[in-house]
Amino acid sequence: MRQHDYEDSDFDDDSDFHDRLARLQRRARSDRAPAPARRGRLTEDERARLALLREDAYTETALPDGADRWTTWGEAEQGPLPRPDWVITELGAVDTDLGVLKTGKEADVHLLRRNLPGTDGVLLAAKRYRSDEHKLFHRDAGYLEGRRMRRSRENRAMAGRTTFGRNLIAEQWAAAEFAALSRLWAFGAPVPYPVQRNGTEVLIEFLGDGDGAAAPRLAQLRPEPGELTELWHQAVAALELLAGEGVAHGDLSAYNLLVHEGRLMVIDLPQVVDVVANPRGLEFLARDVRNLAGWFHARGLSEQVTAIDELLAELTKAAGLG
Ligand SMILES: Nc1ncnc2c1ncn2[C@@H]1O[C@H](COP(=O)(O)OP(=O)(O)OP(=O)(O)O)[C@@H](O)[C@H]1O
Ligand SMILES: [Mg+2]
């Protein structure tokens, strides 16, 4: 609870309160003595009482359950509807950082628990875009073409990599990833549900087990031949679905696919490419397909199965081009 009711009865049976009140009254008197209690102005007692309420208002923000912050749900851009029923929307919930899942150049991913005090709550992946790195965002070039911001002060700040500018870039990437996840999730692509975006932080459905062990990246696996073929077909299905919506991942690799409960899930999407509008759209699409097929070939899948050229032709057509 963030707020107390300051009923008079609460004051009466709280002896600690009376001690502190007396202390504050003494302090108030010595600070401002002699202070006549005039009509229409606060009496000293009243002043002390208000000071105490203020003090309580601060101590009250002490978080329950050893949490790190109150939920940021209320301030955040919220995920697409219909919202899964596990999403915690209560403003009395708290967030606890359970550690780093992965640090990267552009973002750090933390494991976060969001719960109502006294309940288990849910685990989330908190992807926090960094703004403190010098060599930020290899993905800036090309991808942001045509997405330029209108306000030139912000453009200059970003170009000059001032602290303000770096933060704006980080925030832009967070917003781009959240928008991409929301869009893809809404058309049924195999992506984790994007819970919210607040500043440079995106909270995403955690893919992993209840103990906080994340689902493995495809790159970490050595699948048996049958499983390998099955995973390739899942990847093709995902690519087709995206292409049908005119989208390419833009940075697809075995590192940006997680295998969660046998399902291939696509992550790391801030740079999704609009295949039709982006002048290099088809180039990005082809690179995605080659990257991924390359990994499957290295694991032993035949090039006849991947049939890259045919697949590319099919995806191009699905995107409404060619
Ligand atoms: N929703 C999620 N559930 C579980 N683990 C996740 C989730 N999102 C990210 N991770 C973990 O964090 C890692 C990094 O995530 P992601 O690829 O989105 O960030 P990144 O900073 O762009 O990483 P990189 O630069 O290594 O590609 C993933 O490989 C995965 O291990
Ligand atoms: Mg990644």
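Brief remarks follow.
- Just one of (1) assigned to a loop (DSSP other than H, G, I, E, B); (2) surrounded by 16 or more Cβ atoms within 10 Å (Cβ to Cβ) fails for TRP232. It is (1).
- ARG287 satisfies every condition listed in (1) in contact with a helix residue (DSSP H, G or I) (Cβ under 9 Å, 6 or more places away or on another chain); (2) in a helix (DSSP H, G or I) except (1).
- Residue within the range 171-185 that is part of a loop (DSSP other than H, G, I, E, B) and out of contact with any Asp or Glu (no Cβ under 9 Å at 6 or more places or on another chain) present: no
- Residues of the range 241-278 satisfying the condition of being in contact (Cβ under 8 Å) with a residue 24 or more places away in the chain, closer than 24 Å to ARG299 by Cα, more than 16 Å from ligand 2 (Cβ to nearest atom) and assigned to a loop (DSSP other than H, G, I, E, B): GLU261
- Counting the residues of the range 158-211 that are more than 12 Å from the chain's Cα centre (by Cα) and among the hydroxyl-bearing types (Ser, Thr, Tyr) gives 2.
- In summary, GLN234 fulfils each of the numbered conditions (1) among the polar types (S, T, N, Q); (2) under 24 Å from the mean Cα position of the chain (by Cα); (3) within 11 Å of LEU264 (Cβ to Cβ) with the single exception of condition (2).
The numbers here are math on the coordinates, done by the rules we state, and not lab data. Nothing here was measured: the structure is a model prediction, and the numbers come from that model. Reconstructed Cβ throughout: ideal geometry from the backbone, glycine too, with neighbour counts over all protein chains shown.
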